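What follows is calculated from the coordinates using simple rules that are stated; it is not laboratory data. Please read all numbers here as calculations on a predicted model, not as lab measurements. So basically every Cβ, Gly included, is an ideal-geometry build from the backbone, and we count neighbours across all protein chains shown.
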Amino acid sequence: MRLGINLGYWGAGMDSDNLAVAQEADRLGYDVCWVAEAYGSDAPTVLSWVAAQTESIDVGSAILQIPARQPAMTAMTAATLDSLSGGRFRLGLGVSGPQVSEGWYGVKFDKPLARTREYVEIVRRAMSRERLSYEGAHWTLPLPGGPGKPLKLTVHPEREHIPLYIAAIGPKNLAQTGEIADGALLIFPSAAHLEETAISHLRAGREKAGLTMEGFDVCPTVPIAVGEDVHALADTFRPYTALYVGGMGSRSQNFYNRLAASMGYEKEAAEIQDKYLAGDKEGAAAAVPHQLIDSTTLLGTVDRIADRMREYAAAGVTTLTLAPAGFTLDERLAALRVGTQALERADLAS
């Protein structure tokens, strides 16, 4: 199992430290550094900044939002970043959510699976540098009856095949991701529930495409915090968990709430959402069960974290992406170092 690092969103309060975190992960041999975007900073700008000041770590988008860009633009960005980074770019895609898609980008959040499939087909076709033409339900290239003509990408990516990941949660999205992508970006992964909530659906999609799980990158993000008092460490993640389970998306379209419910926390997930949407964020955080936090994070000593890493590897995780917690840069860097120590102690380093 390999390790990754997730810097999250630029502008989240620790921007001046993020480069130091990325560079330390690079020095420690982490495999990939992911960057997020929502409706603030864009991922490609931050990724180019990180790539320019690191040596060997891959840089990846987690995610480039599908409603934000035409697929050909995404192919251009991917090819450019791969060329500038010396073949270190990984393209992570996702549909975002209805509030961001419709409220920020003005793109209707409908038929997300079909749109994702067409988007990936166009991006792959463009990155392969063949002349781009496509006829689908959501995109037609070139537009019929006009002056447009099939064009070919002029930028040469460093590699013939840029790894393509999709952020997936629901069963249908996971199955399609297994079918059409090279990896899956997961969030709130419980090792005990990973087979039923994710791996089985990814495997079904791979089988539909005539493929196995061999070479497919299962890549969840997990927060990590180091210390002796596991309950105190878990409490620091209550607002984070409450935000996703209770406040990410609308009441009827919160994918993270459904995920928590599928792991056996249906009653608690409903309570968290009720309180969060009513404006009681503190009450929502207090309602998050300790076990939900503990099972979806890495908390404790090196030995305890090593044990949890073994569980993730046994469940099918191939790249474990860490989001190091801490109020200071030293705390975040220390968590990164514990990550590598725990991986070695678990005898999982590759």
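Kirkwood hydrodynamic radius of the stretch 272-344 from all distinct Cα pairs, in Å? Kirkwood hydrodynamic radius for the stretch 272-344: 14.1 Å.
Shape annotation for the stretch 93-237: C-alpha extents along the principal axes are 66, 38, 30 Å, from largest to smallest.
Just order 287-298, 336-347, 134-145 by mean Cβ neighbour count inside 10 Å, highest at the front, would you? Walk me through the intermediate numbers first.
Values: 287-298: 20.9, 336-347: 19.3, 134-145: 12.5.
Averaged packing, sorted descending, gives the order 287-298, 336-347, 134-145.
Calculated translational diffusion coefficient of the chain (4 °C, 1.567 mPa s; Stokes-Einstein with Kirkwood radius over alpha-carbon pairs) equals 62 µm²/s. When both the stretch 225-250 and the stretch 193-216 are represented by their alpha-carbon centers, they are found 29 Å apart.
Calculated FRET efficiency, Glu311 and Arg129, Cβ-Cβ r, R0 35 Å, to nearest 0.05? Can you show the working numbers first?
Details: r = 42 Å, r/R0 = 1.21.
Between Glu311 and Arg129 the formula returns 0.25.
Measuring nothing but alpha carbons in the stretch 1-158 and taking Rh as the Kirkwood radius, the Rg to Rh ratio lands at 1.00.
For the stretch 152-243, a Kirkwood radius taken over Cα pairs fed into Stokes-Einstein (20 °C, viscosity 1.002 mPa s) yields D = 140 µm²/s. For a straight C-alpha distance cut-off of 20 angstrom, the aspartates and glutamates reachable from Lys152 (same-chain residues fewer than eight places away being disregarded) are Asp82, Glu118, Glu121, Glu130, Glu135, Glu160.
Assuming R0 = 30 Å, can you tell me the calculated FRET efficiency for the pair Met73 and Asp303, based on Cβ-Cβ distance, to the nearest 0.05?
Details: r = 47 Å, r/R0 = 1.56.
FRET efficiency, Met73 to Asp303: 0.05.
Projecting label points 7 angstrom from Cα along Cα→Cβ for Arg159 and Thr328 puts them 3.8 nm apart.
A straight line joining the Cα centroids of the stretch 48-82 and the stretch 314-350 runs 24 Å.
To the nearest 0.05, how large is the calculated FRET efficiency for Trp104 and Arg251 if R₀ is 22 Å and r is the Cβ-Cβ distance? With a Förster radius of 22 Å, E is 0.70.
Only helical runs count toward this figure. For the chain, summing -39,500 (n - 2.57) over DSSP H runs of n ≥ 4 and dividing by all residues gives -12500 deg cm²/dmol at 222 nm.
Structural size metrics of the stretch 194-350, computed from C-alpha coordinates, are Rg and Dmax of 16.8, 48 Å.
Compute the normalised compactness of the stretch 230-297: alpha-carbon radius of gyration over 2.2 N^0.38 Å, N being the residue count.
Details: Rg = 10.6 Å, N = 68, 2.2 N^0.38 = 10.9 Å.
The reported ratio for this selection is 0.97.
Taking packing as the residue-averaged number of other Cβ atoms within 10 angstrom, the listed peptides 22-31, 185-194 run from highest to lowest as 185-194, 22-31.
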